[in-house]
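Before any comments, here is the structure.
The values are calculated or read from the model by the stated rules, or taken from the named source; none is laboratory data. Just so you know, these numbers come straight off a predicted model, no measurement behind them. Methodologically, a virtual Cβ is constructed for each residue, glycine included, from the backbone with ideal geometry; neighbour enumeration extends over all protein chains shown.
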Amino acid sequence: MAIKNQIKQSLIIAFWFMILTFPIMVIKVNTIQNTIDFRWANLLWVGIVTFFASMVWNYFLRRNEAQKKKEIDDDIPLIHRLLQNDRFRRPFLGVVAAFFLAYPFVFPMYHTSIMISALVYVMLGLGLNIVVGLAGLLDLGYVAFYAVGAYAYALLNLHFGLSFWVVLPMSALLGTLFGVMLGYPVLRLRGDYLAIVTLGFGEIIRIVLENWDTFSNGPRGIADIPPPTFFGHYFDQHDTMIYIYFIVTGLVLMTIFFVNRLENSKIGRAWIALRDDEIACQAMGIDKFKTKLTAFALGATWAAMGGVVFAAKTSYINPMSFTIWESITILCVVVIGGMGSAIGVIAGALVLILLPEYLRAVSEYRMLVFGALQVIVMVFKPDGLIKSVRKVYTFNVQEKAIHEQTHT
Amino acid sequence: MNKPILSVKNLTMNFGGLKALDDVSIAIEKGQIAALIGPNGAGKTTFFNCITGIYEPTKGVVEITPPGKNTQSLRGLKPNYVTERGIARTFQNIRLFHGMTVLENVMIGRHCRLSSGIIKAMLQPPSQKNEEQKAVTDSYEILEKIGLAKYVNDMAVNLPYGAQRRLEIARALATDPFLLLLDEPAAGMNPQETKELDDLILWLRDNENLTILLIEHDMKLVMSLSDWIHVVDYGKKIAEGTPEDIKANSDVIKAYLGEDSDDA
Ligand SMILES: Nc1ncnc2c1ncn2[C@@H]1O[C@H](COP(=O)(O)OP(=O)(O)O)[C@@H](O)[C@H]1O
Ligand SMILES: [Mg+2]
């Protein structure tokens with residue numbers, strides 16, 4: 001019987017885990033008395049917890065498979081179905097808008113600050129989603145462009161006194177430029193090779209920032225970066241936070257707006273075609289290299305703008321903010337949220353960035369939790385929390401007139 | 001006399017020590033349905049790949065003379081430029097874009113005939129909107145012609161097998177070709193689907209002004225459709241002629257029956 005096998009398998013897994021964790025969970029060197037303590041109770045706990053975890057895991061796995069067999073194509077995510085429904089869309093968007101409008105006034109500054117970080121990650125996630133989710137290019141050095149934006153604002157302000165609002169559009173161009181420059185040599189590579197080389201490039205940028213003292217002030221970083229002004233006027237600390245909150249909300253809206261348009265345009269379709277099948281894509285008349293480069297450069301554009309906001313918010317940056325872990329966090333946002341799905345990425349960013357902030361106990365093990373989440377999502381929801389849905393076109397056959405329904 | 005629409009001379013393709021194509025010359029006339037046949041591994045798909053720029057041939061000349069235009073060489077062009085010049089193809093192992101709907105798969109074919117760039121896609125001026133609408137209607141019309149309109153918003157992977165093969169043809173048509181290369185379009189189809197394909201290919205030639213070169217193993221289909229047949233075996237061209245000539249050709253029969261050829 002299946003359940004018997006189940007139990008047997010879980011027992012084996014539990015046993016295996018008990019052996020694996022034996023050195024750390026059971027053996028403890030007592031340095032005061034110079035003895036070794038064996039904590040056998042821990043062994044028991046590991047066994048029991050692993051056994052039940054394995055049973056639950058298997059249960060969901062089987063349920064998932066049973067569901068998959070039933071229907072493949074009809075599982076449009078709930079949120080998309082609701083947004084398609086005209087009666088529901090307006091109230092829903094109204095509630096979301098009201099929530100985000102009221103947020104900084106209802107919650108204390110600390111929460112506003114956390115929400116700003118999360119929204120910056122929404123921007124970064126949507127940008128990286130172009131590269132990874134749509135064009136299928138695994139970029140592990142994305143944080144480099146984030147750093148470019150942050151340092152652009154810090155340095156241009158330091159040396160030339162340029163304000164936030166001047167640097168923001170400049171940084172977008174700078175990000176594009178860097179995207180093209182870094183993309184040009186590396187985009188001839190594919191898959192794993194591309195991932196490794198972009199990882200290298202990302203680290204190079206960070207190491208340059210760390211060591212080129214005269215340019216970037218090295219590991220000491222740059223302090224006293226001014227917050228954005230409102231027509232030349234500075235707010236006090238509390239109001240500045242609210243002001244930045246609204247700026248970043250506006251930027252997120254702009255990102256969603258443009259990314260959605262791009263996704264359902266000639267270039268967006270080309271990205272997806274490239275991701276799905278490179279050879280067929282070229283045979284359809286699409287310039288592979290140009291298409292990759294545009295994805296890479298556009299992704300960089302949003303990263304750089306995110307960087308400017310980050311610098312303005314924290315008022316202090318140093319190279320430690322731009323390590324490989326940052327790239328991986330953004331990648332987790334995209335993969336866990338749902339590759340290629342804007343709504344998924346937004347949900348992913350909010351969940352992954354807000355949760356660790358509020359569950360303080362977890363935040364120490366942030367990367368561990370991300371890893372575990374990644375595995376769980378890969379197994380149970382391979383398309384991410386909210387998978388992407390393509391645009392539906394309706395045709396009036398007689399008149400050949402078309403109406404479009406977008407899901408966003 | 002008119003120049004052939006596609007003229008391939010002395011085409012050779014080496015993979016390391018393997019001569020997948022050895023000095024093959026083939027000419028396709030305008031308005032023909034031509035077939036390229038030969039046993040498995042003869043080099044037929046490689047021939048397509050050399051013409052369409054997926055492989056760069058080791059040696060040889062590939063020239064096209066599009067209707068109303070001058071002769072030009074395709075050698076060394078990237079696949080997307082070959083497509084732009086008016087040659088479209090399908091793949092032996094179906095290569096649809098599985099993350100997209102049926103309509104979008106066809107719209108990808110329109111890609112090289114659309115002009116709006118990134119900035120226009122973001123700002124959506126009227127010119128971009130019109131172009132996009134036109135791409136949608138054009139693609140839908142192609143789906144209607146090919147008989148796939150009912151699947152328009154389905155994901156391409158969820159189509160029945162025969163419909164997937166037809167979608168490959170629809171997608172190729174969307175690039176506005178003058179020459180269509182079909183790589184085993186009937187493979188895996190049932191007799192009913194094969195019959196429909198037969199009609200579709202004839203219809204394409206007669207109504208869309210297309211010249212067609214097809215690779216096919218279904219001899220009944222090949223013999224009934226083709227105006228001219230080219231036969232390759234072990235990378236070498238061994239015969240060409242009308243279906244009647246080919247049926248009677250002893251070299252061809254030998255190649256297909258798998259007898260040892262005397263020039264081993
Ligand atoms: N990219 C490649 N690298 C090495 N050998 C190849 C490659 N493509 C095809 N071949 C070889 O070339 C020969 C012809 O293959 P192919 O053109 O696919 O045959 P056909 O389509 O006639 O069945 C085969 O022996 C095949 O193994
Ligand atoms: Mg073949």
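From the set of residues in segment B:141-154 that are within 10 Å of chain A (Cβ to nearest Cβ) and either in contact with a strand residue (DSSP E or B) (Cβ under 6 Å, 6 or more places away or on another chain) or among the aliphatic types (A, V, I, L, M) (or both), which is surrounded by the most Cβ atoms within 10 Å (Cβ to Cβ)?
Here the residue is B:Leu143.
Give the residue, chosen from B:Ile238, B:Ile246, B:Ile253, B:Ile201, that is of a type in the set (Val, Ile, Thr) and under 30 Å from A:Lys266 (Cβ atoms).
Being of a type in the set (Val, Ile, Thr) and under 30 Å from A:Lys266 (Cβ atoms) holds for just one of B:Ile238, B:Ile246, B:Ile253, B:Ile201, which is B:Ile201.
Out of the residues in segment B:89-106 meeting the condition of being more than 8 Å from chain A (Cβ to nearest Cβ) and under 28 Å from B:Gly41 (Cβ atoms), tell me which one is surrounded by the fewest Cβ atoms within 10 Å (Cβ to Cβ).
Ranking the candidates gives B:Asn93 first.
Grab the helices (runs of 4 or more DSSP H) fully contained in segment A:234-299, keeping just those with 1 or more residues being at the interface with chain B (Cβ under 7 Å from one of its Cβ atoms) and polar (S, T, N, Q).
A:278-283
If B:Thr242 meets every condition in (1) crowded, with 17+ Cβ neighbours inside 10 Å; (2) more than 17 Å from the chain's Cα centre (by Cα); (3) away from ligand 2 (no atom under 16 Å from the Cβ) apart from one, which number is that one?
(1)
Which residues, taken from segment B:30-74, are surrounded by fewer than 17 Cβ atoms within 10 Å (Cβ to Cβ), more than 14 Å from chain A (Cβ to nearest Cβ) and more than 16 Å from ligand 2 (Cβ to nearest atom)?
Selection gives B:Gly31, B:Thr58, B:Lys59, B:Val61, B:Pro67, B:Gly68, B:Lys69, B:Asn70, B:Thr71, B:Gln72, B:Ser73.
Are any residues in segment A:315-328 surrounded by 18 or more Cβ atoms within 10 Å (Cβ to Cβ) and out of contact with any Asp or Glu (no Cβ under 9 Å at 6 or more places or on another chain), and if so, which ones?
Residues satisfying the conditions are A:Ile317, A:Ser321, A:Phe322, A:Glu326, A:Ile328.
Looking at B:Lys9, is it among the basic types (Lys, Arg), more than 26 Å from A:Cys281 (Cβ to Cβ) and either in a strand (DSSP E or B) or within 11 Å of ligand 1 (Cβ to nearest atom) (or both)?
Details: among the basic types (Lys, Arg): yes; more than 26 Å from A:Cys281 (Cβ to Cβ): yes; either in a strand (DSSP E or B) or within 11 Å of ligand 1 (Cβ to nearest atom) (or both): yes.
When the stated conditions are applied, B:Lys9 passes them.
If a residue has to be within 16 Å of ligand 1 (Cβ to nearest atom), crowded, with 19+ Cβ neighbours inside 10 Å and assigned to a helix (DSSP H, G or I) to count, how many in segment B:197-227 make the cut?
So the count comes out to 1.
Yes/no per residue for (1) over 30 Å from B:Ala42 (Cα atoms); (2) modelled with pLDDT of 95 or more; (3) facing another protein chain (nearest Cβ under 10 Å); (4) crowded, with 16+ Cβ neighbours inside 10 Å:
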{"position": "B:Asn130", "(1), (2), (3), (4)": "yes, no, no, no"}
{"position": "B:Ala156", "(1), (2), (3), (4)": "yes, no, yes, yes"}
{"position": "B:Gly162", "(1), (2), (3), (4)": "no, no, no, yes"}
{"position": "B:Leu181", "(1), (2), (3), (4)": "no, yes, yes, yes"}
{"position": "B:Gly188", "(1), (2), (3), (4)": "no, no, no, no"}
{"position": "B:Gln192", "(1), (2), (3), (4)": "no, no, no, no"}
{"position": "B:Lys195", "(1), (2), (3), (4)": "no, no, no, no"}
